[in-house]
1. Mind checking which residues of the range 175-219 are touching a His at 6+ places or on another chain (Cβ under 6 Å) and touching a residue at least 40 places away in the same chain (Cβ under 8 Å)?
2. For the range 199-222, give me the residue count where each residue is closer than 18 Å to residue 179 by Cβ and out of contact with any Lys or Arg (no Cβ under 9 Å at 6 or more places or on another chain).
3. So which residues in the range 201-221 are over 16 Å from residue 150 (Cβ atoms) and at pLDDT 95 or above?
4. Out of all the residues in the range 208-223, which are touching a Leu at 6+ places or on another chain (Cβ under 9 Å), of a type outside the set (Val, Ile, Thr) and either surrounded by 17 or more Cβ atoms within 10 Å (Cβ to Cβ) or under 10 Å from residue 127 (Cβ atoms) (or both)?
5. With the structure loaded, tell me whether residue 204 is of a type in the set (Lys, Arg), out of contact with any Ser or Thr (no Cβ under 8 Å at 6 or more places or on another chain) and farther than 30 Å from residue 249 by Cα or whether it fails that test.
6. For residue 132, all conditions in the list (1) over 16 Å from the mean Cα position of the chain (by Cα); (2) of a type in the set (A, V, I, L, M, F, W, C); (3) over 28 Å from residue 62 (Cβ atoms) hold save one; what is the number of the exception?
7. Out of 191, 215, I need the residue that is assigned by TED's automatic domain parsing to the domain that holds residue 118 and β-branched (Val, Ile, Thr). Which one?
8. Spot the failing condition for residue 162; the list is (1) buried (at least 17 other Cβ atoms within 10 Å of the Cβ); (2) under 20 Å from residue 245 (Cα atoms), and only one is missed.
Amino acid sequence: MSEKSERFNTYDVFADIYDRFWGERCLAMLPAIEMFVLSKVSEQGKILDLCCGTGQMAASLLHKGYSVTGIDGSAEMISLAKNRAAEAEFIVSDIRDFSVTEQHDGAVSLLDSLNHIMSLDSLIKVFSNVNCALKPGAPFFFDLRMEEGFRYYWGGEDHEELPNIIEEDLVFVPKSSYDQKNRIGHSHCAIFRRQDNWQRYDLKVDERYYSSEEIKAALTQTGFSLVQSLRAKEDLKMDVVGRSLFFCVKK
């Protein structure tokens, strides 16, 4: 098994927990998506949902009449997404390598999914793949956790983003930290599931901070024009600290 495959297999153990407790968080982004993407896409247009998770946004876009292609590296995430949004097309793929057979009318990537890409070169590959998947002039909307968000939620200030969960069949205990020097957030989650007996699983996830300047340069390099960047809390009054939203279009 390749290192790349192992990386995404680690998300499989978390898929049902994400779906059960946090999957609907992406729906808070709907007003921004309607403003920056759907207003630019014709009815029944085709939307690419990059790092689609367990399909909450895909289902919402289908309900609005759009065609959706969801891509995620976790097979378990995709399995749950297919159950939720059966009419969408779903692909299990590393977003650094994906391709689609038909160009899309718009693309989204939500909830700091792109922070999971751990090098700028790899992020440039992702942007290049998205560019190839879009029609000329198509919108691409994504958000990223910025350094303020890492310091606030992962920096040891007791603002843990994912709370402890204690259920009859599940115990979930996260612990996060932020390495400011290397700009990397580390999250270690201990998961206990009750089957015949209690079983422990460990999930380790890293995320990387990219500056606005790096993002703008990477978009320009891969054929996008950055139209606007906004701060989620300050500009759009969203209840989240240190998240920026980027709206760009394929040249």
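The values are calculated or read from the model by the stated rules, or taken from the named source; none is laboratory data. The structure displayed is predicted, hence computed values, not measured ones. We place every Cβ from the backbone using ideal geometry, glycine too, and count neighbours over all the protein chains shown.
1. 204, 206, 207
2. 4
3. 213, 216, 217, 218, 219, 220, 221 - these are the residues of the range 201-221 that are over 16 Å from residue 150 (Cβ atoms) and at pLDDT 95 or above.
4. 208, 209, 210, 218, 219
5. Against the criterion (of a type in the set (Lys, Arg), out of contact with any Ser or Thr (no Cβ under 8 Å at 6 or more places or on another chain) and farther than 30 Å from residue 249 by Cα), residue 204 does not qualify.
6. (3)
7. So the residue among 191, 215 that is assigned by TED's automatic domain parsing to the domain that holds residue 118 and β-branched (Val, Ile, Thr) is 215.
8. In the conditions (1) buried (at least 17 other Cβ atoms within 10 Å of the Cβ); (2) under 20 Å from residue 245 (Cα atoms), residue 162 misses (2) alone.
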